[in-house]
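The values are calculated or read from the model by the stated rules, or taken from the named source; none is laboratory data. The structure presented is a predicted model; accordingly, all values stated were derived computationally and were not measured. A quick note on method: Cβ atoms are made from the backbone with ideal geometry, for glycine too, and the neighbour counts reach across all protein chains shown. Side chains are part of the model used for accessible areas, which takes the heavy atoms of the whole protein and leaves out ligands, DNA and RNA. Shrake-Rupley method; radii C 1.70, N 1.55, O 1.52, S 1.80 Å.
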Amino acid sequence: MTSEDREYGAVSRRPVEDEVDVVAEDTQKNAEGDKDKKKGSFWKELPVLIVVAVVLALIIKTFVIQAFYIPSESMENTLLTNDRVLVNKLVYRVRDIERGDVVVFSGVDSWDPEIDLEEPSNPVAGFFHWVGTAFGLVPGEKDYIKRVIGVGGDTVKCCDAQGRVTVNGVPINEDYLYPGDVPSQKFFEAKVPEGRLWVMGDHRMVSLDSRSHLGDPGGGTISVDKVIGRAFVKVWPFSRAATIPIPDTFGQPALKAAAAVGGATPFLAGFVGAVPLVLWRRRRLQGGDRTS
């Protein structure tokens with residue numbers, strides 16, 4: 001190689017430092033480009049994520065668990081105004097509604113609302129009100145929450161000599177009542193039809209419950225088909241978060257035994273009524289055999 005070639009090659013060769021700078025600059029540009037793509041992709045996907053989250057929440061709300069807003073004083077002190085509870089919508093697919101359950105039910109086409117709610121002024125406000133109701137942020141106009149006192153076949157009565165409510169003649173000790181309340185200010189006796197429930201609020205002085213609807217179809221009872229689910233836990237405010245158990249008084253063996261006897265009464269009556277007919281028929285047959 002001539003000195004001229006060597007000189008030309010030395011001039012045309014790029015220093016190593018420049019090559020490193022170029023590579024670093026390209027890498028930085030690629031990294032910034034990837035970040036921009038990720039940001040753009042995130043903002044494009046965000047609406048889809050929101051829609052999917054809302055749809056999943058609505059599915060869960062419709063079929064599994066729903067939050068409800070407590071709008072009135074009718075269940076104090078078990079539940080206070082503005083409390084939020086979770087309602088299990090699946091529990092009654094695996095067991096029957098029991099005495100002592102706190103249930104949420106729909107009063108559409110039956111009971112009047114306990115509180116007056118202002119109608120949304122426009123479709124947008126109506127949509128947000130619907131969303132708020134669905135997620136337990138605002139009260140539903142026709143949703144009620146009460147405690148089940150009697151189920152189908154029960155006889156609910158007030159009051160006995162000690163002023164207690166009785167179910168099938170068995171008194172229940174209602175320690176959960178609002179302090180100072182009596183079990184009922186009015187006397188009543190109701191036979192609960194099959195497929196219906198007798199419900200009462202824990203704050204008896206202010207609760208508009210089955211006692212206030214004795215003159216309605218069903219004699220104040222509600223249909224089990226109107227029950228949305230069982231309120232099983234308080235979730236808001238956090239300071240009051242707790243489960244909502246069935247009071248021990250509804251587990252009395254005497255109460256269950258009385259219900260069992262009451263349910264067997266029609267069968268026993270039919271059996272007793274059938275015995276004379278069978279004896280009479282046997283005598284006729286025997287008489288016929290003798291004459292022949």
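Within the full protein context, the accessible area of M205 is estimated at about 110 Å² for a probe radius of 1.4 Å.
Take the Cβ atoms of Q252 and R93, set R0 to 25 Å, and the FRET efficiency comes out at 0.40. Among the listed pairs K89/K146; K234/K256; K89/K234; K146/K234; K89/K191; K89/K186, a Cα-Cα separation exceeding 25 Å is found for K234/K256; K89/K191; K89/K186.
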